[in-house]
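Before any comments, here is the structure.
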Amino acid sequence: MKECLICSTPLKLMKFKCADGYVCKNCYEKASLNFTQTIKTKTKTELLATLSNVKKEQTEDTFELTRKINQLIFFDDNHQQICLPNHKKYTKTNLKPEIFSFSEIVQCQSVEEQIERVVKKKQQQLGRIKIVLTFKKTTREIWLIPNFIHRDSMAYQTMRTLATTIVTEVNQSKEGVTC
């Protein structure tokens, strides 16, 4: 039976080819940088170099998820960090996930934009909600409701409550920073 080039575990059906032989799924995941690259032409030496770089990055950039608010904000209370996944749906821009220290947070606030429209001779109050996170070097917006909707709708009320929760949690994290 064949063995993984890197960890020497016996290979069964799930094996991935590289220039010098085969690797198991676990080693492939790490060597291919979470399945984003192929390793077919890489040698064992190149794979080991990639794995050592991955281990260095993991020890330097450790983020342990301790709590989260939906998929909007992740907290690492152990390392006093906050992660913004920056989903395009909520940020309106293409950004990669960002990690900030609690001490970098300057302000977190909920912003409600409101307008009134007349539709069929009836006055309607519409609104949208975003969270504005101000850091020492940058500002990020998280749009909970990017388009105007009725302010008395259940969706609007739910997002308003979520906005309050986010602001409270972030401000508590900011105030609880220990040096």
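What is the local net charge at Phe75, summed over the other residues whose Cβ is closer than 10 Å to its Cβ (Lys, Arg +1; Asp, Glu -1)?
-2
Net charge near Thr138, counting Lys/Arg +1 and Asp/Glu -1 over other residues with Cβ under 14 Å of its Cβ?
Once all neighbours under 14 Å are counted, the net charge is +1.
Does anyone have the angle between helix 154-175 and the longest principal axis of the chain? Alpha-carbon axes, 0 to 90°, nearest 10?
Between helix and principal axis, roughly 70 degrees.
Report the Cα centroid-to-centroid distance between segment 1-48 and segment 133-174 in angstrom, as an integer.
44
Under the rule of at least 5 residues apart or a separate chain, name every residue whose amide H is placed under 5 Å from the amide H of Thr9.
Residues meeting the amide H criterion: Cys4.
Springs between alpha-carbon pairs under 10 angstrom, Gaussian network model over the chain: which of Cys24, Cys83, Cys108 fluctuates most?
Residue with maximal mean-square fluctuation among Cys24, Cys83, Cys108: Cys24.
Would you mind calculating the gained length between Leu95 and Gln123 on full extension (0.36 nm times residue separation, minus the Cα-Cα distance), in nm to one decimal?
6.3 nm
Expressed as an acute angle from 0 to 90° and rounded to the nearest 10, what is the orientation of the C-alpha long axis of helix 44-60 relative to the principal long axis of the chain?
40
At a 1.4 Å probe, what is the % contribution of carbon and sulfur to the accessible area of the chain?
Its accessible area is 51 percent carbon and sulfur atoms.
Which lysines have a Cα less than 24 Å from the Cα of Lys89, not counting those fewer than 8 places away in the same chain?
Counting by Cα, and skipping residues close in sequence, Lys89 has these lysines nearby: Lys68, Lys130, Lys137.
Grab every C-alpha pair in the chain, bin the distances at 5 angstrom width from 0 up to the longest one, and report whole percents.
Histogramming the chain at 5 Å steps yields 1, 7, 13, 13, 12, 9, 9, 9, 8, 8, 5, 3, 2, 1, 0, 0 percent.
Farthest toward the dipole's positive end in segment 1-138, which of Gln107, Leu13, Gln80, given Cβ charges of +1 (Lys, Arg) and -1 (Asp, Glu) about the Cα centre?
With unit charges placed on the Cβ atoms, the residue in question is Leu13.
Quote the FRET efficiency, to the nearest 0.05, computed for Ile149 versus Val111 with a Förster distance R0 of 22 Å and r equal to the Cβ-Cβ distance.
Result of the calculation: an efficiency of 0.90.
Would you list the P(r) distribution for segment 109-166, with all Cα-Cα distances sorted into 5 Å bins from 0 and each bin expressed as a whole %?
4, 19, 26, 20, 13, 9, 5, 2, 1, 0
Please state, rounded to one decimal and in Å, the Kirkwood hydrodynamic radius that segment 77-142 gives when every pair of distinct Cα atoms enters the mean of 1/r.
Its Kirkwood hydrodynamic radius stands at 14.0 Å.
Accessible area per residue, 1.4 Å probe, Å², for the chain: what's the number?
Normalised by residue count, the accessible surface of the chain is 65 Å².
The values are calculated or read from the model by the stated rules, or taken from the named source; none is laboratory data. Values in this document were obtained by computation on a predicted structure and should not be read as measured data. All Cβ positions, even for glycine, are placed from backbone atoms using ideal geometry, and neighbour counts span all protein chains on display. The accessibility values were calculated without ligands, DNA or RNA, using every heavy atom of the protein model including side chains. Shrake-Rupley method; radii C 1.70, N 1.55, O 1.52, S 1.80 Å.
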